[in-house]
Amino acid sequence: RTAPLVLEVDRVTAGYGGLTALSDVSITLRQGEVVGIIGANGAGKTTLCRVIAGLVPSKSGAVSLLGEDVTALAPHRRARRGLAICHEGRRLFTGLSVEENLDLGAALSGGSREEIKRRRGEIYGMFPVLAERANKSAGAMSGGQQQMLAIGRALMAAPKVLLLDELSLGLAPLVIETIYQALDHIRSLGVSIVLVEQNTHRCLSVADRVYVLERGHVSYGGLPEGLMKQDVLRQAYFGET
Ligand code: ATP
């Protein structure tokens, strides 16, 4: 009784000019799962997100979304099919209000006014600080609040699959805590999540399964517990940390 695949990356190779950032990478995401992607700086995590979103082309291999091959589709067409990405840099419209930013997130999804209002309410419930600042300028908020808004904006499109790239980068521990608590809420909305993290500990604590990227290759794919055991073994037998 396994849940259906919502995302599949099948033997993808990609890079920049002569540089190969990903080679032969395969990952899967099932409905309702949180799948973590961890790895050192430059291992290819962000590139993987970009390939999934269609922002970086793959040289070979395929990306499927909800059972459909989207390898040749432009980013906005993947978005319309249920993919949302929230990534580093979180480009908000800093001159617009919090609420305007949220509503722009729904622009591609074609929901009714009532439906959009309902989604907004859901997000305000998840991040009350956004409700308090609904009419304030997005640019006037702290980094953590902007990250919450970026997540909220991605959710306004009612995605089936949400890519979260480096959620906790540069944020204070308390903010990271709030955002991680929201992940459970997001999952309960029926959104499947790919969680890219440098913060391995955090990632392992919420992910159902994890993939480890090492220099563009998948070096581990499986349960977080399996990885912890492997690490313990490495330390015990090889003295590595
Ligand atoms: P980080 O956590 O530092 O973002 P990462 O695991 O996300 O690392 P990527 O950003 O995907 O790794 O980088 C993978 C490789 O591709 C690295 O060698 C990096 O230098 C290179 N790279 C990334 N973006 C570009 C780009 N726009 N142009 C050229 N090379 C790039």
- Using only Cα atoms, tell me the angle between helix 173-188 and the longest principal axis of the chain; keep it within 0 to 90° and round to the nearest 10. 90 degrees
- So what's the convex hull volume per residue for the Cα atoms of region 102-171, in Å³? 92 Å³
- Note on the structure: Largest first and rounded to whole Å, the semi-axes √(5λ) derived from the alpha carbon gyration tensor of region 107-241 read 34, 17, 12
- Expressed as a percent, the accessible surface of region 66-200 that is carbon or sulfur, using a 1.4 Å probe and the full set of protein chains, is 51 percent
- Grab the alpha carbons of region 1-52, take their convex hull, and tell me the volume per residue in Å³. 80 Å³
- Item | Value of Rg/Rh across the chain [Cα atoms, Kirkwood radius] | 0.97
- Ordered by residue, what ³J(HN,Hα) values in Hz, to whole numbers, does region 60-77 give under the Karplus form 6.51 cos²θ - 1.76 cosθ + 1.60, where θ = phi - 60° and Gly and Pro are x? 7, x, 9, 10, 10, 10, 6, x, 10, 6, 10, 3, 8, 8, 5, x, 5, 6
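With every protein chain kept in place and ligands, DNA and RNA left out, what is the accessible area per residue of region 1-41? Probe 1.4 Å, answer in Å². Before the final figure, lay out each step's value.
Numbers: 1990 Å² over 41 residues.
Using a 1.4 Å probe on heavy atoms only, each residue of region 1-41 averages 49 Å².
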- Rounded to whole Å and sorted largest first, what semi-axes of the equivalent ellipsoid does the C-alpha gyration tensor of region 175-224 yield via the square root of 5 times each eigenvalue? 22, 13, 9
- Let me see the pair-distance distribution of region 54-152: every alpha carbon pair, 10 Å bin width, integer percents in order. 14, 40, 30, 14, 1
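Past the 14 angstrom mark, what percentage of all C-alpha to C-alpha distances in region 21-83 do you count?
Numbers: 1132 of 1953 pairs.
The calculated P(r) of region 21-83 puts 58 percent of pairs beyond 14 Å.
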- Send over the per residue convex hull volume for region 1-110, Cα only, as a whole number of Å³. 140 Å³
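The values are calculated or read from the model by the stated rules, or taken from the named source; none is laboratory data. Note that the structure is predicted; figures quoted are calculated from it, not measured. For accessibility, only protein heavy atoms count, side chains too; no ligands or nucleic acids. Shrake-Rupley method; radii C 1.70, N 1.55, O 1.52, S 1.80 Å.
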